[in-house]
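Please treat every number below as a calculation from the coordinates, not as lab data. Everything quoted here is computed from the prediction, not taken from an experiment. Here Cβ is always computed from backbone atoms with ideal geometry, including for glycine, and neighbour counts include all displayed protein chains.
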Amino acid sequence: MSAKILLVEDEEKLARFVELELVHEGYEVTKSGNGREALDLAIAGSFDLILLDIMLPGLNGLEVLRRLQKEKEIPVILLTARDAVMDKVAGLDAGAVDYITKPFAIEELLARIRVALKLHAPKMLREAGAVEEGILTWGELRLDERRHRVSYAGHEIFLTNREFLMLKTLLENRDIVMTRDTLLNQVCGYDFAGETNIVDVYIRYLRSKIDDVFGVKMIRTVRGVGYVIQSEEDR
Ligand code: CA
């Protein structure tokens, strides 16, 4: 089954070009050039991914993203203008999984779409060993992707967006050592200008909220490489 993509872009020529390329790649595409309409479509539809321009008539992209996050979890890649650094930061903080700066090479956009779908599509989650759709577990830990909630033995754990994304990435790729670079890309976006030791900071937060509180050793450090969550059997 082909993935369904909602393309939100008010520049007609760009939208048509991207649509043609996506259809050529085998995606099912719905187009919208208005933020308000796009939000309604996104909430009512069953899209696997949203490509979201920021400067839009009706409702701007960041506002669409914020409102959408309250309704459901769909991976969103932002289409941003060059040098709009604040938009990128605000977008990632609001829950976008990635962004691409216009003008972009179509191959780069296609590559980012593949990555976003691979990491965030519910059907991939099932293959990664989820007991229910959108639920990842590790021992007593339960991560509910749709409700954006994490709990341990029924106790709710409050995580920031980035902590949540990092935990989700590690759980989805369990037994695979994730490098700091990979984790940084997943959590902060590819062009993030920060240092990879930001990853260590988020890992520390996660450990202080989970490992330290519940007396487990969930996230293992692989010295010189990165981090891994191992399957329960290997604990
Ligand atoms: Ca625009």
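Observations on the model:
- One quarter of the convex hull surface built on the alpha carbon atoms of the chain amounts to 12.6 nm², the projected area averaged over directions.
- Annotation: amide H of residue 99 within the under-5 Å range of 78, 190, sequence separation 5 or more or interchain, hydrogens built in the peptide plane.
- Close lysine pairs were tallied over the chain: pairs 8 or more places apart or on different chains with Cα atoms under 19 Å apart number 17.
- Dividing the mean sequence gap of close Cα pairs (under 8 Å, 6+ apart) by how many residues the stretch 135-234 holds gives a relative contact order of 28 percent.
- 10 °C / 1.306 mPa s Stokes-Einstein diffusion coefficient of the stretch 135-234, Kirkwood radius on C-alpha pairs, µm²/s: 117
- Note that the stretch 4-127, at 20 °C in a medium of 1.002 mPa s, gets a Stokes-Einstein diffusion coefficient of 151 µm²/s from its Kirkwood radius over C-alpha pairs.
- The string of couplings for the stretch 58-63 from the Karplus curve (6.51, -1.76, 1.60, θ = phi - 60°) is x, 8, 6, x, 5, 5 Hz, one whole number per residue in order, with x for Gly and Pro.
- Fraction of antiparallel bridges per DSSP, the chain only, in percent to nearest 5: 50
- Cβ crowding within 10 Å averaged over residues, with 56-68, 212-224, 142-154, 108-120 ranked highest first: 56-68, 108-120, 142-154, 212-224
- Counted charge near residue 156, where neighbours are those whose Cβ lies closer than 13 Å (Asp, Glu -1; Lys, Arg +1): +2
- For the chain, relative contact order (Cα pairs under 8 Å, six or more residues apart, normalised by length) works out to 13 percent.
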